[in-house]
Amino acid sequence: MNQKAIHIDKSSTLPQIIEKSGLVEVACQADTNVDIIAKGVDIEGKMVIAVGKKSIVDNMVLALKEATSAQGIAEDNLISSFNLGVDKANEVYPNDIVKLQNLKLDLSKIAEKVPLPLKITGCSVVQGSHTGKGNMHFKHGVHINSYMVMETQDGANLLDESKYYPGNPVSFDNSRGGEVSPKDPTKPSWFRVYGKNATGGGEWSDPFGGFPFH
């Protein structure tokens, strides 16, 4: 029977949310072969690796305990963090009941698919602070494990997805985006971004960019 780790929501009590959110770090530490460890979590400009470093959950639990006025926001963040870990665990170990149980994640009796990410909006790229680099940004989307970056330097038909190739880097873990390296910085480059999760890839964003990077 197909089984996957399941999400939590606000139907859980606050102590339960805190307890389950802590399992994100426990789960990562339980198996050093989990691919998501290598991805890490980008927070406040630092790459936080799940093994041997503080996880994003630590900071959110602390915020939840200390900032009661922001409890609702912190609670949402805790839930999002746990559910992101669930999505990545399901992606790495699809229907592997033993692995998921070893990660101390609750399982559903029926495999639950996360909705595909919606089209990403608010995409932009500007000249970066380094020669030949661009600085990319886009709006946050829900149910997204990673933001995939596609590039083209063929401006003839910017809606033809076959003309695009993976960008450099090929993905970002958060909507803050980051620095990109065009294939040929002397030529105009256009980009499109789409969200990806355990279910699959979402709709591509509208093309953006269209200038060289000096």
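The values are calculated or read from the model by the stated rules, or taken from the named source; none is laboratory data. A quick note: this is a predicted structure, and the numbers were derived from the prediction, not measured. All Cβ positions, glycine included, derive from the backbone under ideal geometry; neighbour counts span all protein chains shown. Heavy atoms of the whole protein, side chains included, go into the accessibility calculation; ligands, DNA and RNA do not. Shrake-Rupley method; radii C 1.70, N 1.55, O 1.52, S 1.80 Å.
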Inset, instruction - Using the structure shown, decide if Val180 is among the β-branched types (Val, Ile, Thr), open to solvent by less than 40 Å² (accessible area, probe 1.4 Å) and in contact with a helix residue (DSSP H, G or I) (Cβ under 6 Å, 6 or more places away or on another chain). - result: no
Legend entry - Qualifying residues in the stretch 110-121 (those that are within 14 Å of Pro94 (Cα to Cα) and of a type outside the set (Val, Ile, Thr)) - the one modelled with the highest pLDDT: Lys113
Legend entry - Top-ranked residue of the stretch 165-191 - restricted to ones that are among the basic types (Lys, Arg) and free of Cβ contacts under 8 Å to residues at least 60 places away in the same chain, ranked as farthest from Lys4 (Cα to Cα): Lys187
Inset, instruction - For residues that are more than 15 Å from Lys139 (Cα to Cα) and not acidic (Asp, Glu), tally how many sit in the stretch 158-196. - result: 21
Inset, instruction - Just give me the residues in the stretch 124-144 being buried (at least 20 other Cβ atoms within 10 Å of the Cβ) and part of a loop (DSSP other than H, G, I, E, B), in sequence order. - result: Phe138, Gly141, His143, Ile144
Inset, instruction - Using the structure shown, decide if Pro117 is touching a Gly at 6+ places or on another chain (Cβ under 9 Å), over 14 Å from Pro188 (Cα atoms) and either in a loop (DSSP other than H, G, I, E, B) or of a type in the set (D, E, K, R) (or both). - result: yes
Legend entry - Scan of the stretch 145-163 for residues that are open to solvent by 20 Å² or more (accessible area, probe 1.4 Å) and either within 27 Å of Asn90 (Cα to Cα) or among the hydroxyl-bearing types (Ser, Thr, Tyr) (or both), ordered by number: Met148, Met150, Ser162
Inset, instruction - From (1) over 16 Å from Phe138 (Cα atoms); (2) in contact with a strand residue (DSSP E or B) (Cβ under 8 Å, 6 or more places away or on another chain), pick out the condition that doesn't hold for Ser205. - result: (1)
